[in-house]
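Worksheet: the structure to be examined is printed underneath.
The values are calculated or read from the model by the stated rules, or taken from the named source; none is laboratory data. Computed from a prediction, not measured in an experiment: that's the story for all the values here. Neighbour counts are summed over all protein chains in view; Cβ atoms, including those assigned to glycine, are modelled from backbone coordinates with ideal geometry. Only protein heavy atoms, including side chains, enter the accessible area calculation; ligands, DNA and RNA are left aside. Shrake-Rupley method; radii C 1.70, N 1.55, O 1.52, S 1.80 Å.
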Amino acid sequence: MRFFVKSEREIQEFVTNEPHILISIKSPKSKGVDLFHLNSRIITLFLEFHDFDGDRYPKLKANKEYVLFNKKQAIQILKFVKDNENRVDLVVCQCEAGISRSAGVAGALSKIYNNDDMFYFKKYVPNKYVYRTILNCYYKKDI
């Protein structure tokens with residue numbers, strides 16, 4: 001399975017005829033991206049959380065103003081991909097900048113499905129909290 005990382009700008013320009021699913025991430029209270037219809041896009045999962053690393057900013061966990069990535073969202077992502085893995089070979093992960101949150105998701109999924117995540121750590125700066133939470137849920141069989 002292949003995993004692409006895109007920013008808001010890049011996803012608006014992204015065109016493919018290959019069937020794919022999209023994981024679209026935005027910060028709470030932000031407008032988000034206006035997605036145009038693409039016949040090859042099977043389904044989209046929309047998520048909202050801030051780009052904070054829960055381990056590096058423990059005080060933020062108690063602050064209700066911030067929405068940190070969590071186990072429930074990790075399970076949503078894992079189920080979403082598992083439910084569609086027989087329909088597509090391409091998963092597109094998109095966040096505002098296309099550097100951290102979407103790369104954390106894509107890196108973790110690539111580790112699970114391809115046993116290789118190095119590309120995402122060489123090209124991007126994956127949110128390690130997102131990355132580890134997804135892998136922890138997967139390996140603990142939370143889904």
* **Relative contact order for segment 1-44, counting Cα pairs under 8 Å that sit 6 or more residues apart, in percent** => 49 percent
* Using only the Cα atoms of the chain, what do you get for the radius of gyration and for Dmax, in Å? -> 14.3, 44
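With a 1.4 Å probe and all protein chains kept in place, how do Phe52, Phe121, Phe46, Phe14 rank by accessible area, largest first?
On the way: Phe52 50, Phe121 75, Phe46 130, Phe14 20 Å².
Largest to smallest exposure gives the sequence Phe46, Phe121, Phe52, Phe14.
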* Output the relative contact order of segment 13-143, whole-number percent, from Cα pairs under 8 angstrom with separation of 6+ residues. => 28 percent
* aspartates and glutamates with Cα under 15 Å of Lys128, excluding same-chain neighbours fewer than 8 positions away -> Asp51, Asp53, Asp55, Asp117
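I'd like the FRET efficiency for Lys79 and Glu48, computed as 1/(1 + (r/R0)^6) with the beta carbon distance as r and R0 of 22 Å, rounded to 0.05.
Values: r = 17 Å, r/R0 = 0.79.
My answer for the efficiency is 0.80.
When the accessible area of the chain is split by element with a 1.4 Å probe, what percent falls to carbon and sulfur?
Details: 3950 of 7990 Å².
On the chain, the fraction of accessible area on carbon and sulfur atoms equals 50 percent.
Run the numbers on segment 104-143 and let me know its relative contact order in percent, using alpha-carbon pairs under 8 Å that are six or more apart. Could the numbers behind the result be given before it?
Details: 32 pairs, mean separation 18.4, N = 40.
Relative contact order of segment 104-143: 46 percent.
Rolling a 1.4 angstrom probe over the protein heavy atoms, how many square angstrom per residue are accessible across the chain? Display every interim value, and only then the final one.
Working: 7990 Å² over 143 residues.
Value for the chain: 56 Å² per residue.
Between Val125 and Lys31, what length comes free when the chain is fully extended (0.36 nm per residue of separation minus the Cα-Cα distance, one decimal in nm)? Let's see the in-between values first.
Working: separation 94, 0.36 × 94 = 33.84 nm, distance 2.33 nm.
Taking Val125 through Lys31 to full extension adds about 31.5 nm, to one decimal.
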* Could you state how much accessible area Lys79 has, in square angstrom rounded to the nearest 10, with a 1.4 Å probe and all protein chains kept in place? => 100 Å²
* Under a 1.4 angstrom probe, counting protein chains only, how are Lys72, Lys6 ranked by accessible area, largest first? -> Lys72, Lys6
* Structure fact -> With a 20 Å threshold on alpha-carbon distance, the violating pairs from Lys29/Lys82; Lys31/Lys123; Lys26/Lys71; Lys26/Lys82; Lys82/Lys140 are Lys29/Lys82; Lys31/Lys123; Lys26/Lys82
* With each pseudo-label sitting 7 Å past Cα toward Cβ, what's the Met118-Asn17 distance in nm, one decimal? -> 3.4 nm
